[in-house]
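K.L.:
One structure follows; several queries about it will come next.
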Amino acid sequence: MAGAAGVALVATGCASGDAALASAKVSQAERAINEAKQGNAGVTAPLDLKTAEDKLTAARAAASKGEHDEAMRQADQALVDADYARARAANAQAKKIVDEMRQNIQTLRQEIDRLSR
């Protein structure tokens, strides 16, 4: 009988550990999505951001049903999608800066040519 009680305690401990881990992963995905939004991913990578938000919603739903493994899986995927959206937004911003710099260089070259004549 003591063995069964020990197994039940271990199982309960694992379940609460899974719940805590799932909650931590959901929180991590939430932070990643917020960072992506702050990085303008809603404009430059809206589909990727929406995918991350949908997976976060699925993670929350799974966690509320006690499906901790599914919640962790969905939260991990939401995190990856949010990071991808943030990276695409950063890339778009970098491309914009490069284009502006090229335009400035072209303008300077034209001005130098004009002054040297």
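Readers should treat all values here as calculations from the given coordinates under stated rules, not as data from a laboratory. What you are looking at is a predicted structure, and each value in this text was computed from that prediction instead of being measured. Every residue, glycine as well, gets a Cβ built from its backbone with ideal geometry; the counts of neighbours run over all protein chains shown.
K.L.:
Can you tell me the relative contact order of the chain? Whole percent, Cα pairs under 8 Å, sequence separation 6 or more.
P.N.:
Values: 111 pairs, mean separation 34.9, N = 117.
Dividing the mean separation by the residue count of the chain yields 30 percent.
K.L.:
Got a sec? How would E67, E30 order by Cβ neighbour count within 10 Å, fewest to most?
P.N.:
E67, E30
K.L.:
Where q = 0.21, 0.24 Å⁻¹, what log10 of I(q)/I(0) comes from the Debye formula for the chain, counting one point per Cα?
P.N.:
Log10 I(q)/I(0), no solvent term: -0.99, -1.12.
K.L.:
Turning to a different aspect of this structure: If I require 18 Å or longer along the helix axis, counting alpha carbons, and a Kyte-Doolittle average no lower than -0.5, what helices from the chain are left? Use full DSSP H segments.
P.N.:
Span-like helices here: 2-38, 46-64.
K.L.:
Follow-up question, since we're still on this one. Using label points projected 7 Å from each Cα along Cα→Cβ, tell me how many nm separate V80 and R114, to one decimal.
P.N.:
Between V80 and R114, the label points sit 5.3 nm apart.
K.L.:
Taking only the Cα atoms of region 48-117, how large is their convex hull per residue, in Å³?
P.N.:
That works out to 46 Å³ per residue.
K.L.:
Follow-up. Starting with the fewest neighbours, write out K65, K37, K55 ranked by other beta-carbon atoms found within 10 Å of each beta-carbon. Spell out each step's value before the answer.
P.N.:
Values: K65 10, K37 18, K55 22.
If I rank by nearby Cβ atoms, fewest first, I get K65, K37, K55.
K.L.:
Measure off 7 Å from each Cα along the Cα-to-Cβ vector at A87 and S64, then give the distance between these two points in nanometres to one decimal.
P.N.:
Here the answer is 3.2 nm between the modelled labels.
K.L.:
Student exercise: in the chain, how many lysine pairs 8 or more apart or on different chains have Cα atoms under 20 Å apart?
P.N.:
Final tally of qualifying lysine pairs is 9.
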